[in-house]
1. Taking the Cα-to-Cβ direction at S426 and at I102 and moving 7 Å from each Cα, how far apart do the two end points lie in nm?
2. What length, rounded to one decimal in nm, is gained on full extension from R260 through to N32, with 0.36 nm per residue of separation minus their alpha-carbon distance?
3. As an exercise, use a Förster radius of 25 Å and the Cβ-Cβ distance of N337 and E174 to find the FRET efficiency, rounded to the nearest 0.05.
4. Measuring from a point 7 Å past the Cα of Q134 along Cα-to-C-beta, which residues in segment 211-247 have an amide N at less than 17 Å?
5. Straight-line reach only, C-alpha to C-alpha below 13 angstrom: list the aspartates and glutamates that K413 could link to, leaving out same-chain residues fewer than 8 apart.
6. Considering the dipole of the chain built from charges on the beta carbon (Lys and Arg +1, Asp and Glu -1) around the Cα centre, which of N145, S319, S173 is farthest to its positive end?
7. If you add up the charges near D204, with Lys and Arg at +1 and Asp and Glu at -1, over every other residue whose beta carbon is less than 14 angstrom from its beta carbon, what do you get?
8. May I ask you to list the lysines whose Cα is less than 26 Å away from that of K312, ignoring any residue fewer than eight positions away on the same chain?
Amino acid sequence: MTNKVVIGILIFLVALSGGLGYHAYTLNQQINLLGEQMVVLQTEQATRIDTLSSEFTTLRGEILTRFGDLKGEIDKNLTQIDTLEDEMGENLAQIDTLKDKIDGTSAKVDTLEGEIGDTTGLSKSVIDANKVYQQVSQATVRISNGERTIGSGFIFDNEGHVLTAQHVVENLSEIYVVLPDGRTSTATNTGSCLFSDVAVLTLDDELTVEPLKLANSASVRIGEPVAVIGSPFDLSETLTTGIVSQTNRYVDIEYDSETRWVSNLIQFDAAVNFGNSGCPLVNAEGEIIGMVIARVEPDEGDGIYYAVSSNKIKRVVDSLITQGSFDYPWLGVGIANLTPEMVQTRSLETASGALVQGVIAKSPAEAAGVEVDDIIVAIDGVAIRDVAALTSYLGEFKSPGETATLTLTRDNKELELSLETGKRPS
């Protein structure tokens, strides 16, 4: 029994030994295989490392080369920047020099503009008489009674209206208008204003003529050149020249049967005579600044002539065309200029103003409280130098029914009175 057990144990041990041997053999084979794989892996890794090392070496070389090139370019750019900075410095210096030159040129331009302005002013002090004549003469007409020239006039618009002086046509039963080219038409008196000596005629026949342009007479300056084109002594289209002597005159003009005060007159010295009445007074641009109505008679003197201002003409003519009459504004006072004696005796500071010598009953002035011996020194805030200034302002800027504010001095005290302007009696 014991032997069987021993034998069994031996057999088990032999089998176990054989199994362990096989397992050891198999394990050894696996170890060998792993060793071979490890060798192959090591070889591959070594190859890869060699390849990476070679690539790194190559890349490092390229990087160093590129860095060297880049550094060279940077150094080159820095050099160019330094050069550019130097050039910019030079350019800035040139710019400063150029700026100084520009400033100097600007000063010269300003001086030149001033000289040009002076030249422009000078051009307004002379007149190209022939040029003005060519512009104006074609629209200047003769006013005739059918047998001889009574006065002059000019084409006002494209509606067949002709302007002339009221005293030229007031006694004409038949009115003829003769153009410079010989064309003739009868005309009717559309309306006239006695106190402005302005009349509007309407042509019966259609005569196409470019009308003359009215200038702003408020811009007329004393001493500026003027021209007159009319028909004195039946001498058609006669040109004379002169200068403006004064503006806003208020003159007592003697007509055939009466005398009448006329305001808003431009005084000038271009020669006019019988037959010039109604003709245009024009500036250096050929624009109408007035219409000739009167002169100082030769037995009294010479060189003083009068024309109704263009601004007054426009107001009057517009009213004459639309309603056939012009309502002249009226305050209802008798006024006079202050004399040096009055200035002294009244202890006044100046002779400027219009002295009230009379107040008409039931007039706008009486209603407003104006009194005799008041001195009108302003109207609507506009200073009044004399009677001419007051009447000129009324004629050019006021109409009946409008409110006016008078500034007065009374007993050396200033006061303001408002009134509604009336219509001047016939």
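1. 7.4
2. Values: separation 228, 0.36 × 228 = 82.08 nm, distance 15.13 nm.
Taking 0.36 nm per residue and subtracting the Cα distance, the gain is 66.9 nm.
3. Efficiency, from the Cβ-Cβ distance: 0.05.
4. Under 17 Å, as judged by backbone N against the label point of Q134, lie 239 of segment 211-247.
5. Filter leaves E349, D373, D374.
6. It is S319.
7. For residues surrounding D204, the net value is -3.
8. Leaving aside lysines fewer than 8 places away in the same chain, those within reach of K312 are K124, K213, K398, K423.
Only the coordinates and a few stated rules stand behind these numbers; no lab work does. All figures in this text were calculated on a predicted structure; none of them were measured in a lab. Here the Cβ is made from the backbone with ideal geometry for all residues, glycine too, and neighbour counts use every protein chain on show.
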